[in-house]
Each structure stands twice: as structure tokens, then as C-alpha cells.
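A short reminder: the numbers here are calculations on the coordinates, not readings from a lab. Every value quoted in this text rests on a predicted model; they were computed, and no experiment measured them. When we count neighbours, we look across all protein chains shown, and the Cβ atoms used for this are built from the backbone with ideal geometry, even at glycine.
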Amino acid sequence: MHFKLIIALIGEDKTDKVLKAAREAGATGATVINSARGEGVEPVKTFFGLTLETQRNVLLLLVEEHLARTILEKIAEVGGLDEDTGAGIAFQIDVEDAVGISHQVRKLAEVVEDKL
């Protein structure tokens with residue numbers, strides 16, 4: 001079984017909805033790193049020297065490769081990543097090897113067999 005790592009940078013207000021949607025699309029879990037900061041194409045707005053930016057969360061989802069694109073698209077849809085400027089980004093990278101996931105492999109084996 002091969003895996004991909006989906007990394008999503010999502011606003012705090014949408015994190016729970018995105019996690020729920022990712023699970024419904026086949027993700028078996030996630031790690032959330034709270035309160036990240038980032039900058040996009042447009043400079044960060046300030047008001048009297050105070051930065052007006054929303055905090056983001058970094059979501060890490062190790063998912064089976066056959067489910068990865070579906071999960072990534074669901075994250076984009078629920079997070080509004082293609083509609084709203086500054087809503088966040090999500091991308092996937094190949095994972096060469098992973099340990100500590102035998103419980104996920106057992107659960108995913110049936111799901112992936114249906115997809116093949």
C-alpha cells in the first residue's frame with residue numbers, strides 16, 4: 001500500500017469542517033498544527049501598525065494514494081480554496097515509506113480494494 005501526505009493550510013474557522021469532509025472522503029485521521037502564519041500574493045494589511053491577519057492551521061493527512069485526489073478536492077471545495085482569496089492552500093506529496101500505520105492499513109485494505 002502506498003501513501004500520500006496531504007498538507008493543507010486552512011483558516012481556523014474552517015478547520016473542523018475541512019477535517020470532517022476529509023474523513024467522509026476517506027481520510028483515516030489527521031494531525032493539526034495550530035496557529036501558523038503565512039503570506040500570499042497580496043501584502044498583509046495593517047491598521048495603525050497592527051497586523052490584521054487570520055491564524056491558519058496546518059493539517060497533515062497521511063492517506064492511501066488511490067483516495068488522495070478525492071480527499072484533496074474535497075478539502076478545496078469545503079475550504080473554499082479556489083473561490084476565496086487567502087482561504088488557504090492544499091497539496092499532496094509522495095511518501096516513500098511510513099511506519100506506525102498498521103491500524104490504518106487494515107482499515108483501508110477493504111476500501112481500496114473496492115476502488116481498484
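Want the number for Asp94 to Arg69: 0.36 nm per residue separation, take away the alpha-carbon distance, what's left?
Going from the current span to full extension adds 7.8 nm.
Could you sort 65-76, 91-102 so that the peptide with the highest average Cβ count within 10 Å comes first and the rest follow in order?
Values: 65-76: 19.4, 91-102: 10.7.
Per-residue mean Cβ counts within 10 Å order the peptides as 65-76, 91-102.
Run the paramagnetic zone check for Val105: 7 angstrom along Cα to Cβ, then residues of segment 1-26 with backbone nitrogen under 12 Å.
1-3
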